[in-house]
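**Q** Structure below; questions to follow.
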Amino acid sequence: MKNNIAIDGPAGAGKSTIAKKLAADLGYVYVDTGAMYRAFAYYFLSNGIASDDEAAIAKACENVDISIAYVNGEQQVLLNGENVNGVIRNEEVGNMASATSIYPVVRTKLVELQRKLAEKQDVIMDGRDIGTVVLPNANVKIYLTASSAVRAKRRYDELTAKGVECDINEIEKDIIDRDHRDMNREVSPLKQAEDAVLLDSSDLDINGVVERMKEIIREAGK
């Protein structure tokens, strides 16, 4: 059986950054499930499909293939064979991903792919429902969170460092709204798995979170 680590938590908690570093340190394959949903969202946006047009989204899913490949150690998210790493990280795509991930047809297709990846190799997977739905038998489950204010500040710093003008209050409002959507959707809502370890990163830096996760993994292996 392959070793699987599931990291769940709300938007902006630092899941992807932490999971990537942890995977590199442990020699696991990092599967960015959020990027896979964003790739779907990018396809919908590029083809003028509205987030509330469920019929069009279901039809579009028939034409979408999303896979993950590693090139020179870098993960590439491939949308119908095209590397879309550089176009799926903006706010518009993120909001579309949150709005369209509620549809069963989108989630079903991606969950199947994610499980196949986990069956073949040791993986670290992060998202909203990894420990509860995608990998319910994962060896280790961690629920990573932080206050909305801290998450907004992190996002604000990230955007301003790139020269993007933004309002920290609007960012926090978007985060709170996204939390509400993710936690209250009918299909696979965001929640902490019963056997997951809660880790609040509000007062920790990246290295502090990674070291705490390694402790949790070591404890689980005893």
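**Q** With the requirement that a residue be among the charged types (D, E, K, R) and out of contact with any Leu (no Cβ under 8 Å at 6 or more places or on another chain), what does segment 91-114 give you?
**A** E91, R107, K109, E112 - these are the residues of segment 91-114 that are among the charged types (D, E, K, R) and out of contact with any Leu (no Cβ under 8 Å at 6 or more places or on another chain).
**Q** Additional query: Could you pull out the residue among N137, N63 that is polar (S, T, N, Q) and either touching a Leu at 6+ places or on another chain (Cβ under 8 Å) or without any contact (Cβ under 8 Å) to a residue 40 or more places away in the chain (or both)?
**A** Residue meeting the stated conditions: N63.
**Q** If I filter segment 134-147 for residues that are at pLDDT below 95, surrounded by fewer than 21 Cβ atoms within 10 Å (Cβ to Cβ) and hydrophobic (A, V, I, L, M, F, W, C), do I get at least one hit?
**A** no
**Q** Is it the case that I124 is at pLDDT below 95 and surrounded by 19 or more Cβ atoms within 10 Å (Cβ to Cβ)?
**A** Yes: the conditions hold for I124.
**Q** For segment 68-108, which residues satisfy the criterion of being in a strand (DSSP E or B) and aromatic (F, W, Y)?
**A** Y70
**Q** Could you list, in sequence order, the residues of segment 17-72 that are of a type in the set (F, W, Y) and surrounded by fewer than 15 Cβ atoms within 10 Å (Cβ to Cβ)?
**A** Selection gives Y70 alone.
The values are calculated or read from the model by the stated rules, or taken from the named source; none is laboratory data. All values reported here derive from a predicted model rather than from experimental measurement. Here Cβ is always computed from backbone atoms with ideal geometry, including for glycine, and neighbour counts include all displayed protein chains.
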